[in-house]
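Chemist: Below are the structure tokens for one structure; questions will follow.
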Amino acid sequence: AGQNTLLDIRNLDAHYGDFQALYGLSLRVQAGEVVSVIGANGAGKTTLMRSVSGLMRNQAEQVVWKGREIGALRADQIAALGIALVPEGRLLFASLSVEENLIIGGQMKRKGPWTLQRLYRLFPILQERRNVPATALSGGQQQMVAIGRALMSNPELLLMDEISLGLAPVIIKSIYEALPSITGEGLAAVIVEQDIAKALAVSSRVYCLQEGRVSLEGASSEVPRDAISRAYFGV
Ligand code: ATP
């Protein structure tokens, strides 16, 4: 791994009981880089996100963060290192307000640019609705809270699992328009996305997963579309 490698996933296997979901998967993220992960339902994208976040049981050496083996650490230890997950389905605290959900993300007390004020500038609707229970928001607004909660920990790597799932196109557009101001300051990101065009547009490199394996990887601007279709659908 080069000097600027933040995350280095080496030969990662993952299991749910007897079922193997990932097979020898390797993936790298350089500092400040946006990488996208695409693949059909069940390809293993969420399992990959869960493995990096400390939510799966992995071997220590299978996940390396800035040269340190972190694969066996707990989720809270991983978060403290600066890796934040925006989980599929958002998983907000239902009984808490928008602002309380955001403040929880800041419990880590890591230093960095993200504050409540700055988040409210990015997503002004969240300031308007800051005292409302998070579950009273629309799906798109809830996704903004989930992203905001992750940013409040001032991570160095943001993992975003299917942030557009189930949202209206106009909302997806506004969330994707906010991404450059999120990643603009050198924050690295892994974006899991089923929409291939979106994934390629926001990332410098792309990994395609198929049945728990990397079936294609390359520069987002260079991988041929037909190769992606083959790697994605196996046709
Ligand atoms: P999706 O787009 O549907 O979220 P994905 O690419 O994120 O798909 P995963 O959720 O990582 O895929 O699932 C990978 C494989 O692991 C699938 O075959 C799935 O059925 C299986 N799997 C996921 N979670 C569990 C679980 N808790 N127990 C057993 N098998 C699981």
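Read-outs throughout are calculated quantities, based only on the coordinates presented, and are distinct from any laboratory measurement. Just so we're clear, the structure is a prediction, and the values are computed from it rather than from any experiment. Note: ideal-geometry Cβ built from the backbone for every residue, glycine included; neighbour counts use all protein chains shown.
Chemist: Return yes or no: is V63 crowded, with 16+ Cβ neighbours inside 10 Å, among the aliphatic types (A, V, I, L, M), within 16 Å of the ligand (Cβ to nearest atom) and closer than 21 Å to V206 by Cβ? Quick ask: steps written out before the conclusion?
Modeler: Values: crowded, with 16+ Cβ neighbours inside 10 Å: yes; among the aliphatic types (A, V, I, L, M): yes; within 16 Å of the ligand (Cβ to nearest atom): yes; closer than 21 Å to V206 by Cβ: yes.
Yes, satisfied.
Chemist: Another one. Is it the case, given these coordinates, that I228 is touching a residue at least 40 places away in the same chain (Cβ under 8 Å), outside any loop (DSSP other than H, G, I, E, B) and crowded, with 17+ Cβ neighbours inside 10 Å?
Modeler: yes
Chemist: Continuing with the same structure: Touching a helix residue (DSSP H, G or I) at 6+ places or on another chain (Cβ under 6 Å), free of Cβ contacts under 8 Å to residues at least 60 places away in the same chain and outside any loop (DSSP other than H, G, I, E, B) - does that describe any residue in the range 83-98?
Modeler: Yes: the range 83-98 contains one or more residues that are touching a helix residue (DSSP H, G or I) at 6+ places or on another chain (Cβ under 6 Å), free of Cβ contacts under 8 Å to residues at least 60 places away in the same chain and outside any loop (DSSP other than H, G, I, E, B).
Chemist: Sticking with this one: Please verify whether E128 is among the acidic types (D, E) and either farther than 29 Å from S26 by Cβ or surrounded by fewer than 17 Cβ atoms within 10 Å (Cβ to Cβ) (or both), treating the condition exactly as stated.
Modeler: On the way: among the acidic types (D, E): yes; either farther than 29 Å from S26 by Cβ or surrounded by fewer than 17 Cβ atoms within 10 Å (Cβ to Cβ) (or both): yes.
Answer is yes for this residue.
Chemist: Scan the range 1-16 residue by residue and report those that are surrounded by 13 or more Cβ atoms within 10 Å (Cβ to Cβ) and either part of a strand (DSSP E or B) or within 12 Å of the ligand (Cβ to nearest atom) (or both).
Modeler: If the condition is that a residue be surrounded by 13 or more Cβ atoms within 10 Å (Cβ to Cβ) and either part of a strand (DSSP E or B) or within 12 Å of the ligand (Cβ to nearest atom) (or both), then T5, L6, L7, D8, I9, R10, L12, D13, A14, H15 are the ones that fit.
Chemist: Being surrounded by fewer than 19 Cβ atoms within 10 Å (Cβ to Cβ) and basic (K, R) is the filter here, so list the residues in the range 84-119 that pass it.
Modeler: K109, R110, K111, R118, listed by residue number.
Chemist: Take the residues in the range 168-200 that are touching a helix residue (DSSP H, G or I) at 6+ places or on another chain (Cβ under 8 Å) and of a type in the set (G, A, S), then tell me which one is surrounded by the most Cβ atoms within 10 Å (Cβ to Cβ).
Modeler: Residue satisfying both the conditions and the ranking: A189.
Chemist: What tally of residues in the range 1-33 results from selecting those that are more than 17 Å from Q62 (Cα to Cα) and either hydrophobic (A, V, I, L, M, F, W, C) or in contact with a Pro (Cβ under 7 Å, 6 or more places away or on another chain) (or both)?
Modeler: 2
Chemist: Can you tell me which residue is nearest to the ligand (Cβ to nearest atom) among those in the range 17-40 that are loosely packed, with under 15 Cβ neighbours inside 10 Å, in contact (Cβ under 8 Å) with a residue 24 or more places away in the chain and more than 17 Å from V190 (Cα to Cα)?
Modeler: Q20
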